[in-house]
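No value in this document is a laboratory result; all are computed from the given coordinates. What you see is a predicted model; the values in this text were computed from it and never measured.
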Amino acid sequence: MTQSVYAGGCLCGALRYEISGPVSNPCFCHCASCRRAAGAPMVPWGTFARDAVRITRGRLSEFRSSAQVWRGFCAHCGTSLTYRHEARSAEIDVTLATLDDPMRIEPAMHVWVKDRLPWVAIGDSLPRHETGAAST
């Protein structure tokens, strides 16, 4: 069986990445922290093994957004790219919209729906979790 390989990058192209391996927990996150970090009403994420993500051009800048969370972004254009939680040190979440072909990974659930903005209507039938998904 061949291993999945995904490529992606930031808006300006200064930062490029490649991921080898499976994705888990592809989701739309509605939490206030993700919304503020991305400037969007929700953020689509996929979880990967941290050692499967390789920066192929540029350097990922990181910001500690809370006690145990680091958010990665491009220092040139500000594109939100990654999320790392110290409790899940072997994993990293990557913004699915930054993939070169974001159609390859479709979110399978909504998380932190209790923080959903009231003007965001969820029009799909995906599972909805008030907080994080049970498997994360």
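Highest mobility in the GNM of the chain, judged by mean-square fluctuation with C-alpha springs under 10 Å and restricted to Pro107, Pro26, Pro118, is found for Pro118. With the largest listed first and rounded to whole Å, the semi-axes of the equivalent ellipsoid of the range 79-136 from the Cα gyration tensor are 21, 17, 12. Please report the antiparallel percentage of the DSSP beta bridges confined to the chain, to the nearest 5. Roughly 90 percent of the beta bridges in the chain run antiparallel, per DSSP. For the chain, the spherically averaged projection of the C-alpha convex hull amounts to 8.5 nm².
For the chain, relative contact order (Cα pairs under 8 Å, six or more residues apart, normalised by length) works out to 28 percent.
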